[in-house]
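Note sheet for the following structure.
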Amino acid sequence: MTKRQLQAIETKKRINEGAIGIMSEQDYEKTTIAEICNAAGISMGHFYNYYKSKEELIEERFASFNEFVEKVFSDLKFDSPWDNLRALVYISAYKTKELGPQIMAQIFRVQLSVSNRLMTGDTSILHKITKRLMQEAAAGEKLALGADKAADYLLRETRGLIFDWTMRDGKYDIIEYSLANLEIAIAFLQKGKVIPIDNPVCKKMKKLTAGF
């Protein structure tokens, strides 16, 4: 790498560290680019050489989350898709805990305000790996849901728990809870019985609420 390229990497690192430091202590909406620049020791012009907005900076943080998960997971290999899934969930929860609830809150907020939602997109690394693992699991045993639906179910459960942990300011161990929730999900997928949503109770409730 050239000296200029190394300087660019160092500058982006300082911007990120400055932003994280500020957003860990105060609300995203209150954080200004000027404050980020001051923390990073750069001019605002310098900031705009690397980022168009605060939103882009936060999106990059989530992209780095995906890169971390992919890098660590690619070096692991267990005997079954379920064990690989356990490893994937552990890695994801570990990185979530490292980022902290304040930064995760900003990631959720930005994801709600943009059209390119990396958290729910089919191109996210978590989605790709989870889908592949469920396809492998379904090839070896009958699951309560099809492979694609099983992957969507697991991803929704994961996002829901992370959101709850974020809303509660990280009051519990996200790694421990993620693994415990996963075991419940695995037990359901392997042995569970799916109750159709057109069951008698749901039909009755639909009629009752139709007139509200």
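The numbers here are math on the coordinates, done by the rules we state, and not lab data. As the structure is a computational prediction, the values presented were derived from the model and not from experiment. So basically every Cβ, Gly included, is an ideal-geometry build from the backbone, and we count neighbours across all protein chains shown.
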- Return a whole-number percent for the relative contact order of the chain, with Cα pairs under 8 Å and 6 or more residues apart as the contact set. 19 percent
- Note on the structure: Listed by chain and number, the aspartates and glutamates with an alpha carbon less than 15 angstrom from that of Lys52, same-chain partners under 8 positions apart left out, are Glu60
- Helix 54-74 versus the longest principal axis of the chain: what is the Cα-based angle in degrees, 0 to 90, to the nearest 10? 60 degrees
- How large is the dipole of the chain about the Cα centre if only Lys and Arg carry +1 and Asp and Glu carry -1, each at its Cβ, rounded to the nearest 20 debye? 580 debye
- Where is the GNM fluctuation largest for the chain (alpha-carbon springs, 10 angstrom cutoff): Ile42, Ile162, Ile91? Ile42
- Task: Rank Thr11, Pro101, Leu85 by how far each Cα sits towards the positive end of the charge dipole of the chain (+1 on Lys, Arg Cβ; -1 on Asp, Glu Cβ) and give me just the farthest.
- Result: Leu85
- Directionally averaged shadow of the range 1-146, computed from the convex hull of its alpha-carbon atoms, nm²: 10.8 nm²
- Item | Eligible lysines near Lys30 by straight Cα distance, threshold 16 Å, same-chain separation 8 or greater | Lys54
- Item | Estimated [θ] at 222 nm from DSSP helical runs (n ≥ 4, -39500 (n - 2.57)) normalised by residues in the chain, nearest 500 | -25000 deg cm²/dmol
- Item | Förster radius 30 Å - calculated FRET efficiency between Leu112 and Glu10, Cβ distance, rounded to 0.05 | 0.40
- Compute the long axis of helix 147-167 from its Cα atoms, compare it with the longest principal axis of the Cα atoms of the chain, and write down the angle in degrees, 0 to 90, nearest 10. 50 degrees
- Spin-label model distance (nm) - Lys128 vs Asp164, 7 Å beyond Cα toward Cβ: 3.0 nm
- For Lys191, the lysines lying under 27 Å Cα to Cα, once residues fewer than eight places off in the same chain are dropped, come out as Lys77, Lys128, Lys131, Lys142, Lys149, Lys203
- Highest to lowest packing among 198-211, 129-142, scored as the average C-beta count within 10 Å: 129-142, 198-211
- Length gained, Lys193-Tyr94, 0.36 nm per residue minus C-alpha separation, equals 32.5 nm
